[in-house]
Amino acid sequence: MMDNIERNKFKWVGPDIESGEAMARKSVTFGRDAMRRLFKNKAAGVCLVIIVLLLLLTILVPFFSPFTMNEQHLTHTNAPMGFVCTNEEQAGVVHLFGTDALGRDIFVRTWEGGRISLMIAFVAVFINFLVGVIYGGISGYMGGLVDNIMMRIVEVINGIPYLMVVILLKMVVGSSDPTGIVSLIVAYSAVGWTGMARLVRGQVVALKEQEFVIAAKALGAGSSRIIARHLLPNSLSIIIVEITLAIPSAIFTEAFLSFIGMGVTIPYCSWGSLANDGVTVFQLYPSQLWIPAICISLTMLSFNLFGDGLRDAFDPRLRR
Amino acid sequence: MLKYILKRVGYTVVTLFALLTLTFFIMHALPGDAFTGQKAIPPEVMANLEAKYGLDKPIGEQFVMYVGNFLRGDFGVSIKYNRPISTIISESFVYSLDLGVRALLFAVIAGVLLGILASVKRGTGWDTAAMLIAIIGVSVPSFIVGSVLQYFLGLQLFQATGIKFFAVTGWDAFNSKILPAFALSFGSLATISRLMRTSMLDVLGQDYIKTAKAKGLSNRKVIWKHAVRNAIMPVVTVLGPIAAAVLTGAFVVERIFSIPGLGKFFVQSVRENDYTMIAGTTMFYGTFLILANFVVDLAYGFIDPRVKLEGGK
């Protein structure tokens, strides 16, 4: 066989050193790899879509709705879902989710309420994040006695059931807060930061003994540079996961407090207070409870699953 | 071991003190006082009232009095009911405790079993189902679970069949206790089953499990004697927070199912701005949970051989 092929059909091309050393593929950065794995996870992707949709609805619906939040249509109170409005000016416009006991359009109230619920959750979690990162960062970086004292304080705060503290604080701050929104945020952030502080502290303690930090120190980097350029970026992924998982817990706390009557005050509403209103009439008009209940559950579920997906995506042990 | 116990006692005392200080100063920071009402009170009467309740003394002395009252189990007087809060608590807390203990027991037993099932049958339909329950339980607040159960199992089922399987209100016959206890336990059940599954998977991958299997032990013995005993430790550590979740969750569950427990009183006092009642009840709940946490920590010390060994040195 081989003898039949003529030698002059082949040509010596010589080794190409350049192309032999070249990278076959572009190197994959940690962030890119995490994103790729996140989007491979179908549940997390769906949850992200749901979160974005819910956010868009809460932002846009109040602008485009033909009804306003506190507008009362007394001719059709407790109307069922999909009821066609019989008011003269708005005849023919559909109350998608029906109306409540005061004849207010539930569709617009649901998204106005969602706006407040989500805003409280985001702001509270953001404050927790700031306080937790600073507190945990200092405690972990300083170490020794300072760390010991700071963590004992956290332990004592953690020892008191947090809902009790939130309720007590809500009582004090709430008396000078007409909307109830600020006091909810203050009460929740006053105790909510301990989890983040513990997490960041643990991460900082583990990282600061690593070789690259020692190398940075040897090269003369100051504390602020080490914290900002080495410790925080390396803790970022677990901080993001913690933030994602803290949002459903903040939403729960808001809903819980509004449900027992400690939440936002009239005329404002939130998903918790809507559920609270719904419970009183729910044997007759169950949809008035179902709607806020589904919103709360769906949001919490999406954030929980998305957070789980993020955690898996960021986990270096799962990296391939 | 002794060192461990002393440390836990120390934490408990400090935490209790922090709670007391917090409630005391919050009550002081509130605008108005217990005697602010519709009627104007003459200054002489006001002075008498203040003297009676010790409000004319300096704040330090009031605090000492407050701590003293607390230690004697006196939580103050409800403005609304004009009765000692400790009496109200002793009358109503039995219901809450009954509900809470049932919910807690159910959550622990069912949660652990579900977690074991999910880990042993990993990757099968059982696993998926168990994890679905877990994620729903974590995401759906107890007041929604309660309402859903009440509507479908209490109301619709009764209307459809004509047989009263579950009573939807009150706390007397056994069939009135099932739904609230289940609603209250659902979230904790989910947390426990998730934790148990992770911990079981961890343990099942250990070498001593392989050894046990290699010795020829039956699957059942490996799981129950070797795996579960070790895997259950993390569940014990979260029992404190779980107890807190169950007791505070009872506020809403008691409201939905009209159970005359302390939670219902608490929610009512919130609605009626009965500040002393709120503070008194909060303090009671706080104390109860801090002590429960202490007991859990001690139990953990006895169960976990590592803690025992540490003290033996």
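General observations
- Count - residues of the stretch A:98-115 that are in a helix (DSSP H, G or I) and open to solvent by less than 20 Å² (accessible area, probe 1.4 Å): 7
- Test result for A:Val166, within 9 Å of another protein chain (Cβ to nearest Cβ) and either buried (at least 18 other Cβ atoms within 10 Å of the Cβ) or at pLDDT below 80 (or both): no
- Residue among A:Ile247, A:Ile266 that alone is outside any helix (DSSP H, G or I), more than 10 Å from every other protein chain (Cβ to nearest Cβ) and β-branched (Val, Ile, Thr): A:Ile266
- Some residue of the stretch A:286-300 being within 11 Å of another protein chain (Cβ to nearest Cβ), of a type in the set (Phe, Trp, Tyr) and open to solvent by 30 Å² or more (accessible area, probe 1.4 Å): yes
- Qualifying residue in the stretch A:230-244 (condition: within 14 Å of another protein chain (Cβ to nearest Cβ) and part of a helix (DSSP H, G or I)): yes
- The one condition in (1) in contact with a Ser or Thr (Cβ under 8 Å, 6 or more places away or on another chain); (2) small (Gly, Ala, Ser); (3) more than 22 Å from B:Gly286 (Cα to Cα) that B:Ser78 fails to fulfil: (3)
- Count - residues of the stretch B:168-212 that are under 23 Å from the mean Cα position of the chain (by Cα) and either exposed (fewer than 14 other Cβ atoms within 10 Å of the Cβ) or in a loop (DSSP other than H, G, I, E, B) (or both): 8
- Note on the stretch A:37-67: residues that are part of a helix (DSSP H, G or I), over 24 Å from B:Ile135 (Cβ atoms) and not hydrophobic (A, V, I, L, M, F, W, C) amount to 1.
- Some residue of the stretch A:302-310 being assigned to a helix (DSSP H, G or I), farther than 22 Å from B:Ile136 by Cα and either within 11 Å of chain B (Cβ to nearest Cβ) or at pLDDT 85 or above (or both): no
- Residue within the stretch B:104-127 that is within 14 Å of chain A (Cβ to nearest Cβ) and not in a helix (DSSP H, G or I) present: no
- Listed conditions (1) modelled with pLDDT of 80 or more; (2) surrounded by 19 or more Cβ atoms within 10 Å (Cβ to Cβ); (3) hydrophobic (A, V, I, L, M, F, W, C) are all met by B:Val270, apart from (1).
- Put simply, of B:Lys225, B:Lys177 the only residue that is more than 14 Å from chain A (Cβ to nearest Cβ), touching a residue at least 24 places away in the same chain (Cβ under 8 Å) and basic (Lys, Arg) is B:Lys177.
- Residue in the stretch A:198-209 that is in contact with a helix residue (DSSP H, G or I) (Cβ under 8 Å, 6 or more places away or on another chain) and free of Cβ contacts under 8 Å to residues at least 40 places away in the same chain present: yes
- Residue in the stretch B:100-110 that is in contact (Cβ under 8 Å) with a residue 12 or more places away in the chain, crowded, with 23+ Cβ neighbours inside 10 Å and of a type in the set (Phe, Trp, Tyr) present: no
- Scanning the stretch A:121-145 for residues that are among the aliphatic types (A, V, I, L, M) and crowded, with 20+ Cβ neighbours inside 10 Å returns A:Ala121, A:Ala124, A:Val125, A:Val133.
- Of the residues making up the stretch A:237-282, just one is among the acidic types (Asp, Glu) and closer than 23 Å to B:Val168 by Cβ, namely A:Asp277.
- Residue satisfying all of: in the stretch B:48-65; within 16 Å of B:Pro84 (Cβ to Cβ) and open to solvent by 50 Å² or more (accessible area, probe 1.4 Å); modelled with the highest pLDDT among these: B:Met65
- The set of residues in the stretch B:277-308 that are within 11 Å of chain A (Cβ to nearest Cβ) and among the β-branched types (Val, Ile, Thr) comprises B:Ile278, B:Thr281, B:Thr282, B:Thr287, B:Ile290.
- Test: A:Phe252 is in contact (Cβ under 8 Å) with a residue 12 or more places away in the chain, assigned to a helix (DSSP H, G or I) and within 14 Å of chain B (Cβ to nearest Cβ): yes
- Summed over the stretch A:196-213, residues that are assigned to a helix (DSSP H, G or I) and open to solvent by 30 Å² or more (accessible area, probe 1.4 Å) total 10.
- Residue among A:Asn148, A:Asn158 that is without any contact (Cβ under 8 Å) to a residue 12 or more places away in the chain, within 22 Å of B:Phe17 (Cβ to Cβ) and open to solvent by 50 Å² or more (accessible area, probe 1.4 Å): A:Asn148
- Any hit, the stretch B:10-23, residues being hydrophobic (A, V, I, L, M, F, W, C), open to solvent by 60 Å² or more (accessible area, probe 1.4 Å) and modelled with pLDDT under 80: no
- Checked against (1) within 30 Å of B:Ile278 (Cα to Cα); (2) over 26 Å from the mean Cα position of the chain (by Cα), A:Gly222 passes all but a single condition, namely (1).
- Criterion: touching a residue at least 12 places away in the same chain (Cβ under 8 Å) and under 30 Å from B:Phe24 (Cα atoms) - qualifying residue of B:Ile89, B:Ile133: B:Ile89
- Among residues of the stretch B:134-167, those that are part of a helix (DSSP H, G or I), more than 10 Å from every other protein chain (Cβ to nearest Cβ) and farther than 27 Å from B:Ser193 by Cα, counted: 5
The values are calculated or read from the model by the stated rules, or taken from the named source; none is laboratory data. Since the structure is predicted, the reported quantities are computational estimates derived from the model, not experimental observations. A quick note on method: Cβ atoms are made from the backbone with ideal geometry, for glycine too, and the neighbour counts reach across all protein chains shown. Protein only, heavy atoms only, side chains kept; ligands, DNA and RNA dropped before computing areas. Shrake-Rupley method; radii C 1.70, N 1.55, O 1.52, S 1.80 Å.
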